[in-house]
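Some notes on the structure that comes next.
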Amino acid sequence: MAKSILLINGPNLNLLGTREPATYGSTTLPQVVEAAQKQCTEKSITFAHLQSNHEGVILDCIHEARGNVDAIIINPGAFTHTSVAIRDALLGVDIPFVEVHISNVHARETFRHHSYLSDKAVAVICGLGIYGYEAAIEYASRHIKPKENA
């Protein structure tokens, strides 16, 4: 049975490539998504993605993934540090998820050190730049099993 991955990028990640390139690099979000799609295609994994600056849109996407997706890879952006709602949605749909951050959040401002998601994620990847997305897909492809009903 083929696996399926949903990639979610939160607020301001649409600005990748131009926003603070010293921190986030010069690769754009469309380039990240294209590389993720290619990696998934090579592994025969169904791939979908969403970027939104709106918490409710992200919540709706997570809810719609229930029963349809085997793994979620999420870079929640600033919602990492504020969103109990995203945490609850991820727990509510019971889909294993990998939390990804391009920068090393622990080497940055103190308020970025806390994540509402990390203790429930199957893995957390931070500080690897955009390679973190590739690593997350590789992890999901090896360790997350397809659901029977997906």
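The values are calculated or read from the model by the stated rules, or taken from the named source; none is laboratory data. None of the values given here were measured: they were computed from a predicted structure. So basically every Cβ, Gly included, is an ideal-geometry build from the backbone, and we count neighbours across all protein chains shown. Quick note on the areas: whole protein, heavy atoms, side chains included, nothing else; ligands and nucleic acids left out. Shrake-Rupley method; radii C 1.70, N 1.55, O 1.52, S 1.80 Å.
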Nothing charged except the Cβ atoms of Lys and Arg (+1) and of Asp and Glu (-1): what's the magnitude of the dipole of the chain about its Cα centre? Round to the nearest 20 debye. 200 debye
Once D94, D88 are ranked on solvent-accessible area with the largest value leading and a 1.4 Å probe, the list reads D94, D88
Whose amide H sits under 5 Å from the amide H of Q51, counting only residues 5 or more places off or on another chain, with H placed in the peptide plane? N9
Could you pull out every one of the lysines with an alpha carbon less than 25 Å from that of K120, ignoring same-chain neighbours closer than 8 positions? K3, K145, K147
Largest first, how would S44, S115 line up by accessible area (1.4 Å probe)? S44, S115
Could you derive backbone 3J(HN,Hα) for the range 84-95 from the dihedral phi with the Karplus parameters 6.51, -1.76 and 1.60 (θ = phi - 60°), listing whole Hz in sequence and x where the residue is Gly or Pro? 5, 4, 5, 4, 5, 5, 4, 5, x, 8, 6, 10
In straight Cα distance, which aspartates and glutamates are under 13 Å from K43, not counting same-chain residues fewer than 8 positions off? E134, E138
Once you have a ≥ b ≥ c as the square roots of the Cα gyration tensor eigenvalues for the range 6-95, tell me rounded if a/c is under 1.5, and otherwise prolate or oblate according to whether a/b is larger than b/c. oblate
Expressed in angstrom and rounded, the centroid-to-centroid distance over alpha carbons for the range 77-108 and the range 25-46 is 20 Å
Taking +1 at the Cβ of each Lys and Arg and -1 at the Cβ of each Asp and Glu, which of N68, A35, V84 sits farthest along the dipole of the range 11-114 towards its positive end, judged by Cα position relative to the Cα centre? A35
